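Down below is the structure, laid out as structure tokens.
The values are calculated or read from the model by the stated rules, or taken from the named source; none is laboratory data. Bear in mind the structure is a predicted one, so any value in this text is a computation, not a measurement. Virtual Cβ from ideal backbone geometry, glycine too; neighbours counted across all protein chains shown. Areas reflect the complete protein model, heavy atoms only, side chains present, ligands, DNA and RNA absent. Shrake-Rupley method; radii C 1.70, N 1.55, O 1.52, S 1.80 Å.
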Amino acid sequence: MMKKNLLFFILFIIVSVSVKAQQQIAFSFGESPQTLMLNPGAETNFSRHYGIPIFSNFSLTLGTTGFELADLFLKDNRDFTSKFRDVLSKVNQDDYININAKIDILNGGYRYDDRTYISFGFYQEVDIITYMPKDIAELFYYGNQPYLNRAFSFSQISMKADILGVLHAGISRKVDEKLNIGARVKIYSSSLNVESTNNSGTLTTFNNNENILRQSLNNIDVQFRTSGLIASNDEFLENPGDLFSKTFLGGNLGLGLDFGLTYHFTPQIEFTGSILDFGFIRHSKNTRSYSAKGDFTFDGINFEFDPDNPRDYWQEFEDDFDDKVPTEETQDAYTSWRPMKINAALKYSFGQIRSMACYAKTRKQYYYNAIGFQVHTIMRPLRPQFSFTSFFETSISEKIHSKFTHTVNDYSALIVGSGMSFQIGKVNVFGLIDNMLGMRDIGTAGNISFNFGINLVVD
């Protein structure tokens with residue numbers, strides 16, 4: 001069973017895709033209640049809000065670095081094998097495939113007093129990231145014969161996948177005319193976690209001058225952990241839809257915190273910042289961990305036929321390998337950390353002043369126009385991922401507001417996005433697109449991200 005599961009792990013690494021949420025547009029876009037989810041210290045002018053179940057907030061992000069989907073699937077009379085070979089030649093171990101999906105099941109909030117706003121809700125999220133294990137992919141595709149004396153590194157195997165639900169409650173508090181602070185507590189319920197990080201070791205093939213190729217595994221230390229993927233009967237999960245039914249306090253539980261603030265240097269110069277998902281999940285249900293550690297050198301098998309003393313060469317090889325590179329399968333509990341996110345923005349507002357509410361102590365003065373920049377960082381297994389965004393906000397009317405952005409990140413230096421927020425009576429509708437140019441041809445776009453929602457807002 002263990003070797004079958006390890007084989008599944010190798011295949012999973014090669015074909016899996018992964019996830020990450022883009023927050024460059026929605027952050028500091030204060031016309032929607034969902035801005036509190038990106039900054040619990042954001043200022044609000046409404047007395048309460050009610051999210052439309054399922055429709056209050058939905059976001060999806062797809063992205064790749066190093067190659068585009070069209071490189072593999074464009075109809076250009078080239079066979080897939082040639083396309084795959086070209087993609088494999090140009091990617092490196094820092095490239096990754098990235099997807100994020102999040103949906104609000106429940107979201108609401110109300111004003112406790114003139115200075116304090118309370119918000120709460122529950123959302124489901126899929127979050128996965130897979131880096132390109134170029135060495136391992138080339139080893140499987142070409143074999144080791146063409147690459148004598150090359151050390152294939154297992155450290156390039158790095159990935160993490162999560163399906164979870166998040167129950168949360170937050171508070172935003174006006175300290176004085178300049179400072180607004182906030183915090184949010186989260187209870188995570190993970191129905192699926194698959195991760196393999198911090199691996200090490202190499203595989204090298206040598207010619208030992210005896211017309212025999214020597215395979216050398218050096219300092220191998222590889223681990224693969226999962227919860228929720230294998231059921232209690234030791235069989236792989238057959239119905240992925242069952243995972244989402246376990247995200248409301250039915251999976252492995254964890255705790256997280258968000259912190260945020262808004263500070264006005266002047267009425268027109270504003271700084272906003274937040275730290276999100278500072279937390280962990282303790283996995284103890286349906287867990288499996290697989291590991292291999294050690295060194296091994298193999299010079300092939302020299303078969304000797306002796307009918308009077310037959311030998312089981314393959315069993316001898318397996319016993320020798322297990323002795324020098326012991327593999328282990330356990331059901332021990334383990335802890336995984338959430339990918340912490342850091343956001344910061346500096347904004348200068350100008351033009352006509354508009355005020356959206358009448359709370360004497362908390363009223364925020366909105367201007368018709370604003371410019372600024374923001375930085376988004378997300379902690380990932382291999383390294384942090386950074387995005388830098390400059391933006392322009394303008395209000396078309398008292399009820400229609402817009403935001404236009406230019407983002408530089410791992411995907412591209414030319415990502416143009418836009419967002420709109422409409423207030424129709426008590427109904428707030430917002431929509432955001434992160435890469436407008438990429439929408440013309442998704443196959444050649446490095447990333448696509450969009451976000452929309454409908455909420456009832458009471459001033």
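Among the residues of region 174-189, is any modelled with pLDDT under 90 and closer than 25 Å to F224 by Cβ? Looking through region 174-189, none of the residues is modelled with pLDDT under 90 and closer than 25 Å to F224 by Cβ. Just one residue in the set K364, K426 is at pLDDT below 90, among the basic types (K, R), open to solvent by less than 60 Å² (accessible area, probe 1.4 Å) and within 30 Å of R115 (Cβ to Cβ); that residue is K364. Count of region 242-282 residues, restricted to those that are among the hydroxyl-bearing types (S, T, Y), in contact (Cβ under 8 Å) with a residue 24 or more places away in the chain and out of contact with any Ser or Thr (no Cβ under 9 Å at 6 or more places or on another chain), is 1. Restricted to region 127-168, and to residues that are basic (K, R) and out of contact with any helix residue (DSSP H, G or I) (no Cβ under 8 Å at 6 or more places or on another chain), which residue is farthest from Y188 (Cα to Cα)? Going through the qualifying residues, I end up with R150. Tell me, which residue of region 127-154 that is assigned to a helix (DSSP H, G or I) and aromatic (F, W, Y) is modelled with the lowest pLDDT? Ranking the candidates gives Y147 first.
Could you pull out the residue among K102, K75 that is within 27 Å of the chain's Cα centre (by Cα) and of a type outside the set (A, V, I, L, M)? Walk me through how you get there before you give the answer.
Numbers: K75 fails: within 27 Å of the chain's Cα centre (by Cα).
One residue alone meets the criteria, K102.
Of the listed requirements (1) modelled with pLDDT of 80 or more; (2) over 30 Å from T272 (Cβ atoms); (3) open to solvent by 70 Å² or more (accessible area, probe 1.4 Å), Y334 misses just one: (3). Condition first: buried (at least 17 other Cβ atoms within 10 Å of the Cβ), of a type in the set (F, W, Y) and closer than 25 Å to G228 by Cβ. Can you find one or more residues in region 136-152 that meet it? Looking for residues that are buried (at least 17 other Cβ atoms within 10 Å of the Cβ), of a type in the set (F, W, Y) and closer than 25 Å to G228 by Cβ, one finds none in region 136-152, hence no.
Within region 169-190, restricting attention to residues that are open to solvent by less than 10 Å² (accessible area, probe 1.4 Å) and under 23 Å from the mean Cα position of the chain (by Cα), the residue that is farthest from L213 (Cα to Cα) is G170.
Here is a check on your reading of the model: is F80 open to solvent by 40 Å² or more (accessible area, probe 1.4 Å), more than 30 Å from Y112 (Cβ to Cβ) and hydrophobic (A, V, I, L, M, F, W, C)?
On the way: open to solvent by 40 Å² or more (accessible area, probe 1.4 Å): yes; more than 30 Å from Y112 (Cβ to Cβ): yes; hydrophobic (A, V, I, L, M, F, W, C): yes.
Spelling it out, F80 is indeed open to solvent by 40 Å² or more (accessible area, probe 1.4 Å), more than 30 Å from Y112 (Cβ to Cβ) and hydrophobic (A, V, I, L, M, F, W, C).
Of the residues screened, E31 is not one that is over 23 Å from S190 (Cα atoms), surrounded by fewer than 20 Cβ atoms within 10 Å (Cβ to Cβ), of a type in the set (D, E) and modelled with pLDDT under 90.
Answer yes or no as to whether D234 is open to solvent by 40 Å² or more (accessible area, probe 1.4 Å), modelled with pLDDT under 90 and assigned to a loop (DSSP other than H, G, I, E, B). It would help to see each step written out before you state the result.
Numbers: open to solvent by 40 Å² or more (accessible area, probe 1.4 Å): yes; modelled with pLDDT under 90: yes; assigned to a loop (DSSP other than H, G, I, E, B): yes.
The answer is yes for D234.
For region 180-206, filtering for residues that are out of contact with any Gly (no Cβ under 7 Å at 6 or more places or on another chain) and in a strand (DSSP E or B) leaves 12.
Of all residues in region 383-403, those satisfying the criterion of being of a type outside the set (G, A, S) and surrounded by fewer than 17 Cβ atoms within 10 Å (Cβ to Cβ) are R383, P384, F386, F388, F392, T394, I396, E398, K399, I400.
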